[in-house]
Structures are given as structure tokens and as C-alpha cells.
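Here it is, the structure in full.
What follows draws every value from the coordinates through simple rules; no lab data is involved. As the structure is a computational prediction, the values presented were derived from the model and not from experiment. Counting neighbours? That spans all protein chains shown, and the Cβs are built from the backbone with ideal geometry, glycine included.
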Amino acid sequence: MTAIKGTDELEGHEAYVPNSDRKYLIITLTIVSVAYLISMLTDCLGVVLELNGILAAVPLAYVLPGLCYLKLEEGPILSSKKLPALGLMTAGILAAISGLLLIIINSSSSGNSCSHGKIMLYCVNNSTATVRLVLASTEPGI
């Protein structure tokens, strides 16, 4: 049983560290503030979602489970029991690095990128219906 804040139940170790809540609050507020600023400074939320997936989802899904298993399982790191966890972590790290590289490469090629004030084609309601109506009114065979 672990200690709950405000109780004396510790079982020989300190499970609750005083003033640690402030540290986690500051870290969380910093992450949320940076994500908010990035989303407000860009017109394309696709970039924000890509960064969120690479920097939050990949470590959460691949890296952290492997790290937890390595920490909790007894024995040397290169044992046969820990090799799948190492593989999972390696795949997650490679996915994060390749994702970051793809964002950098795709952002440098501005062929289909967002720009301020430009309405992207996928944002227009019924853009395919509008094109068909225009074609139907100009060509009698459609």
C-alpha cells in the first residue's frame, strides 16, 4: 500500500514527496501553454497534430511501456526477457525521429502548405458539389 497525501501510512519509504505537486503543475502548464502558442501561431492545425502525435503519442505508446518493463523486470538489460521491450523502445524512438524528419522535409516544400488568409480547398463546404454545378451549367452533356 502506498501513502496517500495527508496520511501517516508509509511502510518504510516515502511515497509522497512534499512540494512535488508544484513541480508537476509547472511542467503541465508549460506543456499546455507551448501547445496553445503553437496552435495560435499557425493557420494549419495539421502541423500541431503531427507534433502532438510524434512528441506525445509515440513516447506514450512505445517508449514508456518499454522503459517501465525494463525498470520493473529483474535481470540484466540485454536478457532474453527484456529484448522485446528494447525492440519496442527502439521502434518508438525511430518512429519519432523519422516523423520529425518528415515534418521538417514536408514543411520546407511549400507545394501544398497553408498560408495566412488562404482558404484551403478542403475547408470549403461541398467543394466537389460546387465544381459539378459549375460544370453542369457550362456543359449541356453533364
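Quick one: Karplus J couplings for the stretch 81-88, per residue in order, coefficients 6.51, -1.76, 1.60, θ = phi - 60°, nearest Hz, x for Gly and Pro?
6, 9, 4, x, 5, 5, x, 5
Taking a point 7 angstrom from the Cα of Ser20 along the C-beta vector, which residues in the stretch 39-68 have backbone N less than 17 Å away?
68
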